[in-house]
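Single-structure report; data block below.
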Amino acid sequence: MDSEYVFNYLYHTKEDDRGSWNFTGYSDERVDELTVAMGQEIDEAARNEMIAEAWQIVHDEIVYIPIHHQMLTWSMREDIDFQVQSENTPHFKYLKFNR
């Protein structure tokens, strides 16, 4: 995941396929254009320029005050049967050892 992921879900104007986590109602035409373009750009330098411009716009407007974004990081072994819980809290009562 990189910045396109963040802009697609949090900053793009809320539409059918974009802005699904944009609960602030934030909308900026240039940020929307950059979000779509960076998702299609394969030239790394050009993509990084778009990302930098978009970050500058949203930082100047202080849309969010980012505190924490939790990522789920789990590791597994073949001899353990233990499903990842989406709330990221292991409930060990569901742990089974494969023998």
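The figures follow:
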{"quantity": "Top-ranked residue of the stretch 52-95 - restricted to ones that are exposed (fewer than 10 other Cβ atoms within 10 Å of the Cβ) and outside any loop (DSSP other than H, G, I, E, B), ranked as modelled with the highest pLDDT", "calculated": "60"}
{"quantity": "Residues satisfying the stated conditions in the stretch 52-73, i.e. aromatic (Phe, Trp, Tyr) and closer than 13 Å to residue 3 by Cβ", "calculated": "55"}
{"quantity": "Within the stretch 1-35, considering residues that are of a type in the set (A, V, I, L, M) and either without any contact (Cβ under 8 Å) to a residue 24 or more places away in the chain or touching a strand residue (DSSP E or B) at 6+ places or on another chain (Cβ under 7 Å) (or both), the one farthest from residue 55 (Cα to Cα)", "calculated": "1"}
{"quantity": "Subset of the stretch 31-51 [farther than 12 Å from residue 7 by Cα and not in a loop (DSSP other than H, G, I, E, B)]", "calculated": "44, 45, 46, 47, 48, 49"}
{"quantity": "Matching residues in the stretch 12-25 - criterion: being modelled with pLDDT of 95 or more and under 14 Å from residue 64 (Cβ atoms)", "calculated": "12"}
{"quantity": "Residue that is farthest from the chain's Cα centre (by Cα), among those in the stretch 5-34 that are among the polar types (S, T, N, Q) and open to solvent by less than 60 Å² (accessible area, probe 1.4 Å)", "calculated": "13"}
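The values are calculated or read from the model by the stated rules, or taken from the named source; none is laboratory data. Because the structure is predicted, anything quoted here is derived from the model rather than measured. So basically every Cβ, Gly included, is an ideal-geometry build from the backbone, and we count neighbours across all protein chains shown. Calculation scope for accessible area: heavy atoms of the full protein, side chains included, ligands and nucleic acids excluded. Shrake-Rupley method; radii C 1.70, N 1.55, O 1.52, S 1.80 Å.
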